[in-house]
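Below is one structure; the comments refer to it alone.
The values are calculated or read from the model by the stated rules, or taken from the named source; none is laboratory data. What you see is a predicted model, and the numbers here were worked out from it, not measured in a lab. Counting neighbours? That spans all protein chains shown, and the Cβs are built from the backbone with ideal geometry, glycine included.
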Amino acid sequence: MTDAEGVPLVAKVTAANVNDSKQLIPMVDAIPAVKGKVGAPRRRPEAVQGDRGYRSKLNRDLLRTRGIEPIIPPDRVNGQEVHGSGLGTTRWVVERTISWLRCQRRLRVRYERRADIHRAFVNLGCILICYKCLIGSFC
């Protein structure tokens, strides 16, 4: 999960056969407090954007109960399949961050059998992306 600029907020390692839609709410709940204006730090985003893999009614309802607006394209409108939701104009930021992670040799192909070691390399990759965004070479 990234912010609007592509800075990683939460990274999670799961098995290949785990459905992404089941990981949405735990990832939203794992977002750390983000400092901003004076006062209590924000822990929840105003909106969450996702692709059709996250379109379940349960996900939408759980996001709304947390006060988060789900921006997820519908599968069908008036019984017709929908192609080209228009979210690609902003969703590319997430795909770019994923490609930055894949630039790390140890993350391009998973060599580690143990999930904790692979998770450590994912976290290191996210740290490098955050650092490069801070110094201005990314983002």
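Of note:
- When the test is whether a residue is within 23 Å of Arg108 (Cα to Cα) and in contact with a Gly (Cβ under 7 Å, 6 or more places away or on another chain), Asp20 passes it.
- For the range 31-74, residues that are more than 14 Å from the chain's Cα centre (by Cα), more than 22 Å from Ser21 (Cβ to Cβ) and either modelled with pLDDT of 90 or more or not charged (D, E, K, R) (or both) total 7.
- Those residues of the range 14-43 which are within 17 Å of Ile72 (Cα to Cα) and assigned to a loop (DSSP other than H, G, I, E, B), in sequence order: Asn19
- Conditions (1) surrounded by 15 or more Cβ atoms within 10 Å (Cβ to Cβ); (2) in a helix (DSSP H, G or I): number failed by Ala11: (2)
- Selection of first residues in the range 88-103 that are within 15 Å of Cys126 (Cβ to Cβ) and of second residues that are in a helix (DSSP H, G or I), restricted to Cβ pairs under 6 Å at least 6 apart or on distinct chains, gives the following pairs, ordered by first then second residue: Trp100/Ile129; Leu101/Leu107; Leu101/Gly125; Arg102/Arg108.
Conditions tested, residue by residue: (1) surrounded by 12 or more Cβ atoms within 10 Å (Cβ to Cβ); (2) closer than 21 Å to Arg91 by Cα; (3) in contact (Cβ under 8 Å) with a residue 24 or more places away in the chain.
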| site | (1), (2), (3) |
| --- | --- |
| Lys22 | yes, yes, no |
| Val28 | yes, yes, yes |
| Ala33 | no, no, no |
| Arg42 | yes, no, no |
| Gly50 | yes, yes, yes |
